[in-house]
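Take a look at the structure below.
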Amino acid sequence: MTFDSPLFVASSLFAFGICLGALIVYCIHRIKSGNYKQIAQNILHQAQQEAINLKKHAELSIKQMQLEHQREQEQTWQQERKKIQREEDRLKSREDKLETRLNLVEKKLTDIEKREAVLIGRKAQLEEEKNS
């Protein structure tokens, strides 16, 4: 086999074509591989950003829920305070009425005692007049 033989030339061209094809496939693979890495990095970066955003959103939601719960608790406490205040006012009013009634009863008792003393005095005077 000589370098001029058609079989050698065809074999050489075939081998060269295979090498050239392999080189082209390798280059395309490297280019695509680089693109895939970039795409993977972009996807990873986007996922990280989305995770950060979700975390911030969750924290904000929790804070809002806590504030709402705190407001509800404050309203409940205010209602309870008002209820207690109304009950205290009612009891104070009742106490004042009872005190007024007690004072009235004491005044009547004092008046009765005075009248009783006057009547005892008159009775004694009448008995003296009767005995004399």
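Any read-out appearing in this document is the output of simple, stated calculations on the displayed coordinates, not a laboratory observation. Only a predicted model underlies this, so the values are computations on that prediction, with no experimental measurement involved. Heads up, the Cβs are rebuilt from the backbone with ideal geometry, glycines too, and the neighbour counts pull from every protein chain shown.
When Rg and Dmax are taken over the Cα atoms of the range 19-70, they come to 22.2, 75 Å.
Compute the FRET efficiency between Lys114 and Glu88 as 1/(1 + (r/R0)^6), taking r as their Cβ-Cβ distance and R0 = 35 Å, and round to the nearest 0.05.
Numbers: r = 38 Å, r/R0 = 1.09.
Efficiency for this residue pair is about 0.35.
Only helices enter the 222 nm calculation for the chain: every DSSP H run of n ≥ 4 contributes -39,500 (n - 2.57), and dividing by all residues gives -37000 deg cm²/dmol, rounded to 500. Shape verdict for the range 67-130, please, from the Cα gyration tensor: rounded (a/c under 1.5), prolate (a/b greater than b/c) or oblate. Since a/c reaches 1.5 and a/b is larger than b/c, the shape of the range 67-130 is classed as prolate. Rounded to whole Å, the principal axis extents of the Cα atoms in the chain read 187, 14, 9, largest first. The C-alpha atoms of the chain define a longest principal axis, and helix 6-131 lies at about 0 degrees to it.
Residues in the range 37-53 near a label at Gln64, defined as backbone nitrogen under 17 Å from the 7 Å Cα→Cβ point? From the range 37-53, the list is 53.
Taking 0.36 nm per intervening residue step and subtracting the Cα-Cα distance, what contour gain separates Gln38 from Val25 on full extension? Could the numbers behind the result be given before it?
Values: separation 13, 0.36 × 13 = 4.68 nm, distance 1.97 nm.
Separation in residues times 0.36 nm, less the Cα-Cα distance, equals 2.7 nm.
Summing Cβ point charges (Lys, Arg +1; Asp, Glu -1) relative to the Cα centre of the range 1-95 gives a dipole of roughly 300 debye.
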